[in-house]
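Worksheet: one structure, shown below.
All of the numbers you see were taken from the coordinates with simple rules; none came from a lab. Small disclaimer: the values here were computed from a predicted structure and weren't measured. We place every Cβ from the backbone using ideal geometry, glycine too, and count neighbours over all the protein chains shown.
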Amino acid sequence: MLLLYLNLWIEREPYGEFYRAWKGYDFNILNALEDENLIGGSTHKAKSTYLTEDGVKKAKELMKKYNVKEN
């Protein structure tokens, strides 16, 4: 989660903002994160995924836990 968050970008669409990240990680891990509702839109054809609100919250908790500063 933390690595996805540290590499994200924000896509602004007419219907909202999406926190997107490249999904160059093991599919089993990505599937587990999707099962936990931390990421979404992770079809096998897509090259990126989006972080859900819960995913962003979890990533920020991990940043605090590991003392990672946000730029």
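Laid out as a table, the results:
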item	result
Residue that is farthest from Met63 (Cα to Cα), among those in the stretch 12-33 that are outside any loop (DSSP other than H, G, I, E, B) and either in contact with a Leu (Cβ under 7 Å, 6 or more places away or on another chain) or touching a residue at least 12 places away in the same chain (Cβ under 8 Å) (or both)	Phe27
Some residue of the stretch 38-58 being part of a helix (DSSP H, G or I) and in contact with a helix residue (DSSP H, G or I) (Cβ under 8 Å, 6 or more places away or on another chain)	yes
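Okay, residues lined up against (1) more than 20 Å from Asn71 (Cβ to Cβ); (2) in contact with a Phe, Trp or Tyr (Cβ under 9 Å, 6 or more places away or on another chain); (3) of a type in the set (D, E, K, R); (4) loosely packed, with under 12 Cβ neighbours inside 10 Å:
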position: Leu8; (1), (2), (3), (4): no, yes, no, no
position: Arg20; (1), (2), (3), (4): no, yes, yes, no
position: Tyr25; (1), (2), (3), (4): yes, no, no, no
position: Asn28; (1), (2), (3), (4): yes, no, no, yes
position: Leu38; (1), (2), (3), (4): yes, no, no, no
position: Thr49; (1), (2), (3), (4): yes, yes, no, no
position: Asp54; (1), (2), (3), (4): yes, no, yes, no
position: Lys57; (1), (2), (3), (4): no, no, yes, no
